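The values are calculated or read from the model by the stated rules, or taken from the named source; none is laboratory data. These numbers were taken from a predicted model, which means no experiment stands behind them. Note that each Cβ is placed from the backbone with ideal geometry, even for glycine, and that neighbours are counted across all protein chains shown.
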Amino acid sequence: MQDESASREVAKRILENVKAVIIGKDQSIELGVIAMMCGGHALIEDVPGVGKTMLARSIARSAGCTFKRIQFTPDLLPTDVTGVSIYNQKSGEFEFREGPIISQLVLADEINRATPKTQSALLEAMEERQVTVEGVTHEVPHPFMVMATQNPVEYEGTFPLPEAQLDRFLLMISLGYPTMEEELSIIEGQRLAHPIDNLRSVATAEDITNLQAAARDIFVDDLIRQYIVSIVEATRSQTDIALGSSPRGSIGLFRASQALALIRGRDYVLPDDVKALAASVLSHRVIVAAPARMRGVSAAEVIDAVVEQTPVPGAQAAGWFRR
């Protein structure tokens, strides 16, 4: 079992470090770190200019991970993402020139602006932790995480992500506009230089690997597991949902709850951890029914309603019987 207290300190250092760059968005920062702790991927959906790219860069730099950014455009080719084999005339052999996906943290900027064929180039790396180029398999480094961004407003010239690809993201993050006080702090903080210019690493890739192992060690009672599955199962029979979450949603909610419990200083998961993460983990995995969309109901609101209607386990699930 990993040293939970040491791992918790690593997570807290990363959180505090990122907060020096991303002002007033503590919950969004926490979600980004949770995704990294679970070895999952995050989809950041929000309007331009609120810090989506900066969030990914800050997490990568704080974690001491290698970072590469891919600007997705309609003319981007799959080999621009994965890499390509080039014939070397001197050696008489083909050499693999790795693409930007071969990095520990990859930012897929405006992912919905690329064609479906290029988008699919990410799927193998996200799920299998490898890329195959001309029949040869190349592993991605460990730890590995994709943080993708997309604009939810400007859909002209975009290619919406299919459900199969959305399902591979552990959770969805939304930053939102800052308050007046937060925006004033942002202006003051960038008066002379951008805070990320002075941001230093507070962890190493090895620390992140240990952090992921520590999160997996967090205890989850059988009642909590049943609670998680009950929520996901309810999305498949909810009248406002046309397509419910896959079992990958149950696994994601399970893993994310373990990471949140570790951050909050516990070695066991509570129902409150599950409730806090349900919308972020499940909202992008469901399709809201047309009548609900016409009423202006969002996926997150439907998930919140499902959580409210699902009975909460009793005190035994709190892990108190273990004390």
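Do we find that V146 is over 16 Å from the mean Cα position of the chain (by Cα) and surrounded by 23 or more Cβ atoms within 10 Å (Cβ to Cβ) in this structure?
For V146, the condition - over 16 Å from the mean Cα position of the chain (by Cα) and surrounded by 23 or more Cβ atoms within 10 Å (Cβ to Cβ) - is not met.
Listed here are the residues, each with its yes/no results for (1) of a type outside the set (A, V, I, L, M, F, W, C); (2) in contact (Cβ under 8 Å) with a residue 40 or more places away in the chain; (3) at positive phi.
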site	(1), (2), (3)
V202	no, yes, no
E206	yes, no, no
A213	no, yes, no
V220	no, yes, no
T239	yes, yes, no
S245	yes, yes, no
R248	yes, yes, no
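Mind checking which residues of region 225-241 are of a type in the set (A, V, I, L, M, F, W, C) and surrounded by 18 or more Cβ atoms within 10 Å (Cβ to Cβ)?
Scanning region 225-241 gives I228, I231, V232, A234, I241.
So that you can scan it fast, the table gives a plain yes or no per residue for (1) farther than 12 Å from C38 by Cβ; (2) in the same structural domain as V21 (by TED's automatic domain parsing); (3) in a helix (DSSP H, G or I); (4) modelled with pLDDT of 95 or more:
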site: S201; (1), (2), (3), (4): yes, yes, no, no
site: S237; (1), (2), (3), (4): yes, no, no, no
site: I251; (1), (2), (3), (4): no, no, yes, yes
site: R255; (1), (2), (3), (4): no, no, yes, yes
site: A259; (1), (2), (3), (4): no, no, yes, yes
site: R266; (1), (2), (3), (4): yes, no, no, no
site: H284; (1), (2), (3), (4): yes, no, yes, no
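All but one of (1) crowded, with 20+ Cβ neighbours inside 10 Å; (2) modelled with pLDDT under 85; (3) within 17 Å of the chain's Cα centre (by Cα) hold for A121; which doesn't?
Of the numbered conditions (1) crowded, with 20+ Cβ neighbours inside 10 Å; (2) modelled with pLDDT under 85; (3) within 17 Å of the chain's Cα centre (by Cα), the odd one out for A121 is (3).
Output yes when any residue across region 81-101 is at pLDDT 85 or above, of a type in the set (S, T, N, Q) and surrounded by 18 or more Cβ atoms within 10 Å (Cβ to Cβ), and no when none is.
Checked region 81-101: at least one residue is at pLDDT 85 or above, of a type in the set (S, T, N, Q) and surrounded by 18 or more Cβ atoms within 10 Å (Cβ to Cβ).
For region 26-56, what are the residues that are among the small types (G, A, S) and either surrounded by fewer than 24 Cβ atoms within 10 Å (Cβ to Cβ) or free of Cβ contacts under 8 Å to residues at least 40 places away in the same chain (or both)?
Scanning region 26-56 gives S28, G39, G40, G49, G51.
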